[in-house]
Amino acid sequence: MERATLRFYLDRVEPYIGQPMLCSLLGAWAARLGDRDRALELLQRGYADYINEPFRETDEFSRTRHPERPRVGPMTAHLGGFLTTLMVGLPGLRIGPEDACRWPQRPVVLPAGWRSIEVERLWLRGRPARLRAEHGAERSELAFT
């Protein structure tokens, strides 16, 4: 049911890419289906296309899809969505009340060309932790340091 639901909605994202909010999360849903190429494409179109040079601030609208729109940034919703994708969605974490070391729930599938995601220091429940998600691993590694 989950896979069918993800496929159904990912097949309908085209009108929304380039608009504000939520597009930065799309790559994680494609990765969850195992479609690494689509995950990379959706991260590009759903987040990277919103980045403005020279200061790399995140805009409200994609410059690729909406060059006529004024620059509006920084759009922290896109940045927050991208960080959530990197630290929760792609590593396959399911945040809950149990010990955080049990949050990794799914095999790690990263976008095409990506090998791993590593976060040296996170603060979880007031304690330092680290995260490592290596493509193809049965689960991410989340450990208190």
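If you take the residues of segment 29-38 that are of a type in the set (A, V, I, L, M) and assigned to a helix (DSSP H, G or I), which of them is surrounded by the most Cβ atoms within 10 Å (Cβ to Cβ)? Among them, the one singled out is Ala31. The set of residues from segment 102-133 being open to solvent by 90 Å² or more (accessible area, probe 1.4 Å) and either closer than 26 Å to Asp37 by Cα or in a helix (DSSP H, G or I) (or both) comprises Arg102, Arg115, Glu118. Pairs meeting the criteria (first residue in segment 120-138 and farther than 12 Å from Ala100 by Cα, second residue among the aromatic types (Phe, Trp, Tyr), beta carbons under 8 Å, at least 6 apart or on different chains) are His135/Trp114.
A quick yes/no check of all residues on (1) among the charged types (D, E, K, R); (2) open to solvent by less than 50 Å² (accessible area, probe 1.4 Å); (3) over 27 Å from Arg115 (Cβ atoms); (4) over 15 Å from the mean Cα position of the chain (by Cα):
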| site | (1), (2), (3), (4) |
| --- | --- |
| Tyr9 | no, no, yes, yes |
| Tyr16 | no, no, yes, yes |
| Met21 | no, no, yes, no |
| Gly27 | no, yes, no, no |
| Leu40 | no, no, no, no |
| Leu43 | no, yes, no, no |
| Gly46 | no, yes, no, no |
| Pro54 | no, no, yes, yes |
| Phe61 | no, yes, yes, yes |
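Within segment 75-88, take every residue that is open to solvent by less than 70 Å² (accessible area, probe 1.4 Å) and either in contact with a Phe, Trp or Tyr (Cβ under 9 Å, 6 or more places away or on another chain) or basic (Lys, Arg) (or both) and give me the one that is farthest from Tyr16 (Cα to Cα). So the residue we want is Val88. Screening Thr5 against (1) part of a helix (DSSP H, G or I); (2) open to solvent by 70 Å² or more (accessible area, probe 1.4 Å) leaves a single unmet condition, (2). Please indicate, with yes or no, whether at least one residue in segment 23-38 is free of Cβ contacts under 8 Å to residues at least 12 places away in the same chain and over 17 Å from Arg69 (Cα atoms). The answer is yes; a qualifying residue exists. Restricting attention to segment 8-24, report how many residues are part of a loop (DSSP other than H, G, I, E, B) and not basic (Lys, Arg). Residues in segment 8-24 being part of a loop (DSSP other than H, G, I, E, B) and not basic (Lys, Arg): 8 in total.
Suppose we keep only residues that are among the hydrophobic types (A, V, I, L, M, F, W, C) and surrounded by 17 or more Cβ atoms within 10 Å (Cβ to Cβ) within segment 89-101. Which one would you say is farthest from Gly34 (Cα to Cα)? Step by step, filter segment 89-101, then rank; the result is Ala100. Within the option set Arg125, Arg130, Arg115, being modelled with pLDDT of 95 or more and within 16 Å of Phe144 (Cα to Cα) holds for one residue only, Arg130.
The set of residues in segment 48-65 that are more than 11 Å from Pro20 (Cα to Cα) and part of a loop (DSSP other than H, G, I, E, B) comprises Glu53, Pro54, Phe55, Arg56, Arg63, Thr64, Arg65.
The values are calculated or read from the model by the stated rules, or taken from the named source; none is laboratory data. Keep in mind the model is a prediction, meaning the values are calculated, not measured. No Cβ is skipped: glycine too gets one built from the backbone with ideal geometry, and neighbour counts run over all protein chains shown. For the accessible areas, the whole protein counts, side chains as well, though only heavy atoms, and no ligand, DNA or RNA atoms are used. Shrake-Rupley method; radii C 1.70, N 1.55, O 1.52, S 1.80 Å.
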